[in-house]
Amino acid sequence: MSKVVLNNLIKSYDGKKNVINNIDLEINDKEFIVLVGSSGCGKSTILRLISGLEEITSGDIFIDDKKVNNMHPKDRDIAFVFQSYALYPHMSVYDNIAFGLKMRKYSKKDIHEKVLAAAKALNLEDLLDRKPKQLSGGQRQRVALGRAIVRNPKVFLMDEPLSNLDANLRLQMRTEIKRLHQELKTTFIYVTHDQTEALTMGDRIVVLDKGKIQQVASPEEIYNNPKNLFVAGFIGQMNFIDVKTINGKFYINGAEFNKPDKVLEDEFVVGIRAEKMIDGDTTIAVNADIVEMSGGERNVYFELNSSKCSAKIPLDYPVNSSIELKIAQSDMYFFNKHTGENYFV
């Protein structure tokens with residue numbers, strides 16, 4: 001069992017403002033959970049509280065059903081993989097991976113076996129004699145992972161481990177980390193600001209903003225049924241259009257739609273994903289302000305009801321100074337203009 005439970009977790013540095021505010025979260029045994037949010041939302045602080053690197057202000061943390069509030073970090077049976085790799089520059093790859101085991105007084109035989117096993121799992125066997133400065137960014141990150149793996153912890157904590165890598169290496173390491181999770185069969189708690197990492201890696205995603213949980217759900221649920229405007233805008237690319245009701249109808253650039261019964265206010269926000277702007281049955285012609293190439297598709301930027309919007313369209317879709325959008329009410333999301341809540345979640 002490697003379940004992690006956070007009960008009413010609060011962290012304040014000055015006794016006035018909470019950077020972590022009443023976090024309740026249960027992370028299941030062997031789960032890969034991703035904490036995602038913008039810079040300063042508290043996601044890395046949560047990792048540091050779980051690890052014991054920072055003290056909680058109030059609340060409780062349980063690891064494997066044991067309360068660890070006052071337990072020393074080394075006794076919590078967790079491994080922390082940092083954004084900066086945190087490798088010792090004067091040590092070889094072998095010694096960096098072995099360092100934690102030496103501190104815990106493992107025998108030389110056990111250390112050697114564990115280091116070789118980790119090196120094999122991470123394709124580091126030919127690099128064990130090298131120093132960190134002789135490694136690429138991806139290789140350094142694999143060494144940091146190896147140092148965590150050899151300890152065989154109950155829980156892995158990973159704080160933006162791929163943010164220093166270029167796009168190709170990030171893709172490669174995402175796959176590597178997912179493979180490790182499947183092989184090790186233990187609990188991974190992963191922090192990122194990157195929505196792509198969150199959607200592709202997590203069994204569940206925890207979306208955070210200003211120290212509070214906004215939504216906890218599977219990647220599919222988060223994407224298809226965002227709880228509020230923040231989640232909808234942070235995960236994926238969604239357009240937000242302010243609308244007003246007139247005699248039970250609302251209008252987008254003159255096109256008429258029926259206001260849903262669940263929407264009680266006369267003014268609200270309509271959301272439409274950028275990839276759903278040409279799939280519907282209602283045509284709206286707009287001026288294309290900017291058209292940019294993006295691999296196998298184009299991004300087109302324009303305005304709807306004076307709101308800045310965008311569409312992802314195929315390369316062969318006709319675009320000149322204007323573009324014909326084709327939108328459907330079934331692809332729309334409806335949000336309370338004042339609270340930001342999704343009327344249908």
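Readers should treat all values here as calculations from the given coordinates under stated rules, not as data from a laboratory. Everything numeric in this text was worked out from a predicted model, so none of it was measured. Here the Cβ positions follow ideal geometry from the backbone for every residue, glycine too, while neighbour counts run over all protein chains shown.
For helix 93-103, what angle does its Cα long axis make with the longest principal axis of the chain, in degrees from 0 to 90 and rounded to 10?
70
By how many nm would the segment from Thr57 to Ser322 grow when fully extended, if each residue of separation counts as 0.36 nm and the alpha-carbon distance is taken off?
Contour length minus the Cα-Cα distance gives 89.8 nm.
Using helices alone, I'd like the mean residue ellipticity at 222 nm for the chain: each DSSP H run of four-plus residues gives -39500 (n - 2.57), total over residue count, nearest 500.
-7500 deg cm²/dmol
Using a/c under 1.5 as the rounded threshold, could you call the range 194-327 rounded, prolate or oblate? The axes a ≥ b ≥ c are square roots of the C-alpha gyration tensor eigenvalues, and prolate needs a/b larger than b/c, oblate otherwise. Before the final figure, lay out the partial values.
On the way: a/c = 2.26, a/b = 1.18, b/c = 1.92.
Here the range 194-327 falls in the oblate category.
Classify the range 4-224: rounded, prolate or oblate, from the alpha-carbon gyration tensor (a ≥ b ≥ c, eigenvalue square roots; a/c under 1.5 rounded; otherwise prolate if a/b is larger than b/c)?
The shape class here is prolate.
Would you work out the charge dipole size for the chain about its Cα centre, treating the Cβ of every Lys and Arg as +1 and the Cβ of every Asp and Glu as -1, and quote it to the nearest 20 debye?
About 1720 debye.
Taking a ≥ b ≥ c as the square roots of the eigenvalues of the Cα gyration tensor of the range 115-197, is the shape rounded (a/c under 1.5), prolate (a/b larger than b/c) or oblate?
Taking the square roots of the gyration eigenvalues as a ≥ b ≥ c, the range 115-197 is oblate.
Give, in nm to one decimal, the length gained when the segment between Asn225 and Lys337 is fully stretched (0.36 nm per residue of separation minus the Cα-Cα distance). All intermediate terms of the calculation are to be shown ahead of the outcome.
Working: separation 112, 0.36 × 112 = 40.32 nm, distance 1.72 nm.
Extra length from Asn225 to Lys337 when fully extended: 38.6 nm.
For the range 128-175, evaluate the Debye formula with one uniform point scatterer on each Cα (no solvent term) and list log10 I(q)/I(0) at q = 0.31 Å⁻¹, rounded to two decimals.
Values, matching the q order: -1.21.
Beta carbons within 10 angstrom, averaged per residue: use that to sort the peptides 296-306, 125-135, highest first.
296-306, 125-135
With unit charges on the beta carbon (Lys/Arg positive, Asp/Glu negative), name the residue among Gln329, Asn287, Val5 whose Cα is farthest towards the positive pole of the charge dipole of the chain.
Val5
Return the whole-Å distance between the Cα centroid of the range 203-269 and the Cα centroid of the range 40-71.
Using only Cα atoms, the two centres lie 32 Å from each other.
Could you work out how far apart the two model spin labels at Asp279 and Met91 are, taking each label as a point 7 Å from the Cα in the direction of the beta carbon, and quote it in nm?
Result: 5.0 nm between the two label points.
How high is the relative contact order of the range 238-336? Use alpha-carbon pairs under 8 Å, at least six apart in sequence, and give a whole percent.
33
Which lysines, on any chain, are close to Lys66 with Cα under 18 Å apart, when same-chain ones fewer than 8 places away are left out?
Here the lysines satisfying the reach criterion relative to Lys66 are Lys3, Lys30, Lys74, Lys154.
Chymotrypsin sites (Phe, Trp or Tyr not before Pro), restricted to the range 1-66: which are DSSP loop and have at most 15 other Cβ atoms within 10 Å?
In loop regions of the range 1-66 (DSSP not H, G, I, E or B), the sparsely surrounded chymotrypsin sites (Phe, Trp or Tyr not before Pro) are Tyr13.
Among Met91, Met238, Met173, which one shows the highest mean-square fluctuation when the chain is modelled as a Gaussian network with alpha-carbon springs under 10 Å?
Judging by the Gaussian network model, the answer is Met91.
Taking every DSSP beta bridge with both residues inside the range 4-224, roughly what % is antiparallel (nearest 5)?
50
Could you tell me, in Å, what Rg and Dmax come out for the Cα atoms of the range 26-73?
11.5, 31
What are the equivalent ellipsoid semi-axes of the range 187-264, built from the alpha-carbon gyration tensor (square roots of five times its eigenvalues), in whole angstrom, biggest first?
After diagonalising the Cα gyration tensor, the semi-axes are 32, 12, 11 Å.
Could you tell me how far the Cα centroid of the range 312-345 sits from the Cα centroid of the range 141-187, in Å?
Cα centres, the range 141-187 to the range 312-345: 36 Å.
Could you sort 202-214, 17-29 so that the peptide with the highest average Cβ count within 10 Å comes first and the rest follow in order?
202-214, 17-29
May I ask you to compute the full-extension gain from Lys102 to Ser38, defined as 0.36 nm times their residue separation minus their alpha-carbon distance, rounded to one decimal in nm?
Here the answer is 19.3 nm.
With a cut-off of 8 Å between alpha carbons and a minimum separation of six or more residues, what is the relative contact order of the chain in percent?
That works out to 16 percent.
Whole-Å semi-axes of the range 269-345's equivalent ellipsoid, largest first, each the root of 5 times a Cα gyration tensor eigenvalue?
24, 13, 12
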